[in-house]
Amino acid sequence: MMKQLLFVDDEPNLLDGLQRSLRPMRHEWNMTFVTSGAEALKALEQAPFDVIVSDMRMPGMDGAQLLNEVQQHYPQIVRIVLSGQSDRTRIYQSIGATHQYLAKPCESEVLKTTVKRACALRELLGNDSLRRLVTGMKQIPSQPTLYAEIKREAESKTASIEAIGAIISKDMGMTAKILQLVNSAYFGLRSTVSTAEQAVNLLGLDTVQALVLTVHVFSQFTAMHGSRFNMDRLWEVSTETGTLARAIAKAEQVPALMIDQTYAAGLLHDVGILVLAANAMKQYDAIAKTAHDQGIPQWEVERQELGVTHADVGAYLLGLWGLGDPIIEAVAFHHHPSDCVGSTFSPLTAVHVANVLQEELSCQATGRVPSQIDLVYLNTLHLTDRLPHWQEIAGTVQPGEEKEKSNG
C-alpha cells in the first residue's frame, strides 16, 4: 500500500529540491508538498497521512505550533522535523510533539531511511487504536521516587551532571527520552549514544536542567487504585535484567558500545508494559489476570487479546524515537529471538537470556509464569554451551553492580 507523506516548508526552492531527490520513491510514497502550516492543516483535513515532515522556522504558524496541532488532532501520524539551526525556545516547544529531528542540510538517503523506518514500524503495530495511543505519547512515565529525585537534583544549587545521569540511568522512561533527544539533531549533536550518562554529559547541565524543570520532558506514573500493575516491581525487573544482561555481555568480551547497548536494551525491554499500563490500564489488568489465572506467559495473552505484545509496543515507540537498531531489536524479540535474523551474539542474546533467568529467580514473588530460553536460537548461534556460565552469573550479579561506564 502506498504511504501518504506530507512535506511542509516555506521555501519553494527547497520543496522543489525535495521533490527531485525523492522522485525515486514515487512508486512507494504518495507525496504532498505545501508551503505553510495553514496549508498543511487543510491538507490533513482532506486526506489521511502516515508521516509529516516539517520545517521549523516558518512565518505565521511555525513548525512547533503545526506539529503540536497534528499531535492533538492526528496523533497517529509520525511527526518529523527537518530544519536548520533554530533557537532553543522553538526546539523546546517542539520536543513533545516530534518523534525525530533531522538537521538541514540533510542527505536524501538519510531522509529516505528515516521515513522508511517510520513506515516499517507502523506495520509492527497492527492494532490501529493502540498505534494511535502510542504514536501520540510525549513521554514514558517514570517511577515516582526517581522522578522526585531528578526534580530535586535539577533544582539544587549544587546540581551535578554526574548525579543527574545516575538517576536517569535507573529509569526506563527517562533513559528512553534522553536517548531520543541526544541521538536526534535537536541540539546539533551528531553522536550515537547508548547510555544516559553519556547523553547528559553531551547535553550539558544547563540544557538538562531546562529539559527537566522548564520543558517537563519527564513525568511520573500515576497509579490507579485497585490495579494489578506494580510500578516498583517493573522498575526492579527492568534494572535487574539490564544489570544481568550487561554482565553477560561483559563475560562474552564484546566491544564497549555493545555492552552499553545491552544495558539500555535490558533496562527498556519491558517498556511496552509501562506504555500499556499508562494508556490502557483496565485492558492491561484484564490481560494480567488472565495470564495469572490460566498459568501462561502474559505476552501470549497480549497477542491473543490485542494482536500485539508489549515487546511490539515498546519497540514501536523506541523506533519512532530513533533509538539504535540493536536496542530496538532486543526489545522487539526478547521473548522469541529465533524470529530475528542474526547469527552472532548481540544485545538481543544477552537480554533474552537475562530476562528468562531473572524471571526464573523471581517468579515465585510475582506469580507470573517464566518464559523459556530459546535453545534453538542459542544453538543457531553456537552458544548453548555458554548457558551454564550465564546461569552462574545470574546467581551472583546484583542490580546496579559493576555500574562503571563502559565508555571510559
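Scanning the stretch 51-64 for residues that are at pLDDT 95 or above and either in a helix (DSSP H, G or I) or in contact with a Lys or Arg (Cβ under 6 Å, 6 or more places away or on another chain) (or both) yields one hit, Ile52. The set of residues in the stretch 91-110 being farther than 21 Å from Ser219 by Cα and touching a helix residue (DSSP H, G or I) at 6+ places or on another chain (Cβ under 6 Å) consists of Ser108 alone. Taken over the stretch 72-92, the criterion of being surrounded by fewer than 20 Cβ atoms within 10 Å (Cβ to Cβ) and not in a loop (DSSP other than H, G, I, E, B) is satisfied by Gln72, His73, Arg88, Thr89, Arg90, Tyr92. Among the residues making up the stretch 19-38, those that are over 28 Å from the mean Cα position of the chain (by Cα) and of a type in the set (A, V, I, L, M) are Val34, Ala38. The set of residues in the stretch 5-41 being out of contact with any strand residue (DSSP E or B) (no Cβ under 8 Å at 6 or more places or on another chain) and surrounded by fewer than 16 Cβ atoms within 10 Å (Cβ to Cβ) consists of Glu11, Pro12, Asn13, Asp16, Gly17, Arg20, Ser21, Arg23, Pro24, Arg26, His27, Ala38. For the stretch 156-213, the set of residues classified as closer than 20 Å to Pro347 by Cβ, without any contact (Cβ under 8 Å) to a residue 24 or more places away in the chain and of a type outside the set (A, V, I, L, M) consists of Ser191 only. Could you say whether any residue in the stretch 223-233 is at pLDDT below 90 and in contact with a strand residue (DSSP E or B) (Cβ under 8 Å, 6 or more places away or on another chain)? Within the stretch 223-233 (the criterion being at pLDDT below 90 and in contact with a strand residue (DSSP E or B) (Cβ under 8 Å, 6 or more places away or on another chain)), the answer is no, since none of the residues qualifies. Evaluated against (1) at pLDDT 95 or above; (2) among the small types (Gly, Ala, Ser); (3) in contact with a Leu (Cβ under 8 Å, 6 or more places away or on another chain); (4) surrounded by fewer than 19 Cβ atoms within 10 Å (Cβ to Cβ), Ala154 falls short on exactly one condition, (4).
Residues in the stretch 210-227 that are buried (at least 16 other Cβ atoms within 10 Å of the Cβ) and assigned to a loop (DSSP other than H, G, I, E, B): Val215, Val217, Phe218, Ser219, Phe221.
The values are calculated or read from the model by the stated rules, or taken from the named source; none is laboratory data. Given the structure is predicted, the values throughout are model-derived calculations rather than measurements. Note that we place each Cβ from the backbone using ideal geometry, even for glycine, and neighbour counts take in every protein chain shown.
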